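Participant: My questions will all concern the structure given below.
The values are calculated or read from the model by the stated rules, or taken from the named source; none is laboratory data. The shown structure was predicted, so the numbers you read here are calculated from the model rather than taken from an experiment. Cβ placement follows ideal geometry from the backbone for every residue including glycine, while neighbour counts extend to all protein chains displayed. Please note that ligands, DNA and RNA were not included when accessible areas were found on the heavy atoms of the full protein model with its side chains. Shrake-Rupley method; radii C 1.70, N 1.55, O 1.52, S 1.80 Å.
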Amino acid sequence: MTQQGAVLQGYNNELVKCIEDLCMQKEELNKQIQQAEEEKNRLQHEIQVLSEQLDCVCENLAQKVASRNELDKILAETEAAYMKILDSSRTLLNVLKKEVGSLKHSPDLKTN
C-alpha cells in the first residue's frame, strides 16, 4: 500500500506542479492583456486627439478656400472693370484725336 501511496503522492505532486504552471501562464496572460488594453486606450486617445485636430484643420481649410473663392470673384470683377476703363480710355483717346485732327484742318484755326 505504501507503494500505491507513493505513486499517488507523485501524481499529486505533478498535478500541483501543472496547476502552478497554469496559474503562472494565467498571470502572464493577464499581464499581456493589461498591456494590450493600455495600448488600446492610448491609441484610442491619440485617435480622438488627431480626429479633433483634423476637424480643426478641415474647418480652417474650408474657411481659407471660401476666402480664396471670394478673392477670385473680386479679382475677376476688378479686372473686368479695369478692362472697361481701358476700353473707355482708348475710345476717348480716339475721339479726342479725331477732334484735334478735325480742328487742325479747320480754316478758322490755321495760323499764318
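Participant: Residue under question is LYS40, and the condition is that it be modelled with pLDDT under 95 and surrounded by 10 or more Cβ atoms within 10 Å (Cβ to Cβ); does it hold?
Facilitator: Answer is no for this residue.
Participant: Turning to a different aspect of this structure: Report whether or not TYR82 is open to solvent by 100 Å² or more (accessible area, probe 1.4 Å), modelled with pLDDT under 95 and not hydrophobic (A, V, I, L, M, F, W, C).
Facilitator: The answer is no for TYR82.
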